[in-house]
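Have a look at the structure below before the remarks.
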């Protein structure tokens, strides 16, 4: 299942209607969306094993609900912005 199909399913489950991925330059995924591991793999374009490893090591924001991982999109986006800051922060002060 491709990215658009997964995100369409996620929007439907979240009760979001009429949201077009190309509508007015908005994000196709609602900001309050909750991702599964499979959704996150598609969103981050990473291997499933990498996402599991990051989650189990606590390096990516997520919660385990029973045997299943769940990830809030806003937390993932915030985490990604933090990674960009850390990687771009090379001012030589160590």
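When the inverse distances between all different Cα atoms of segment 34-88 are averaged and flipped, the Kirkwood radius reads 11.3 angstrom.
Per-residue packing, averaged as other Cβ atoms within 10 Å, sorts the ranges 62-71, 40-49 into the order 40-49, 62-71, beginning with the highest.
Values in this text are rule-based calculations from the coordinates and carry no lab data. This is a predicted model, so every value here is computed, not measured. FYI the Cβ positions are ideal-geometry reconstructions off the backbone, even for glycines, and counts take in every protein chain you see.
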